Amino acid sequence: MKLLRKPQYWESLQAIEDYIAQDNPRAAIDLWLSIDDQVSRLIDPNFPRRPGRVAGTLELVVHPNYIVILEQTLDTVTVLEVLHAAMKYP
């Protein structure tokens, strides 16, 4: 299975890191690494994910406060972005 990360994923991940780093730079880096590590595991079709709130998407809860939005076909997982769980979505 192939894994693609869209630019919006990287942009949202960077925004999260920038925000957290204002108070705790080490926690910001740790969270970035944790989220991206879990995203990397999406190539395993058995790695847990749930149906998305938007048709055609799936969600990966990477932290109690953050959810990764993705699309999946038979051979590709496309990671769209990372959202704060409290955000209104869609």
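The values are calculated or read from the model by the stated rules, or taken from the named source; none is laboratory data. All values reported here derive from a predicted model rather than from experimental measurement. All Cβ positions, glycine included, derive from the backbone under ideal geometry; neighbour counts span all protein chains shown.
The criterion of at least 3 residues that are within 13 Å of the chain's Cα centre (by Cα) and free of Cβ contacts under 8 Å to residues at least 60 places away in the same chain is met, among strands (runs of 3 or more DSSP E) falling completely within the chain, by 58-63, 66-72.
On the stretch given as region 26-83, residues that are within 17 Å of Q8 (Cβ to Cβ), buried (at least 16 other Cβ atoms within 10 Å of the Cβ) and hydrophobic (A, V, I, L, M, F, W, C) total 16.
Would you confirm whether or not region 29-43 contains a residue that is modelled with pLDDT of 95 or more, charged (D, E, K, R) and touching a strand residue (DSSP E or B) at 6+ places or on another chain (Cβ under 7 Å)? No - not one qualifying residue is present in region 29-43.
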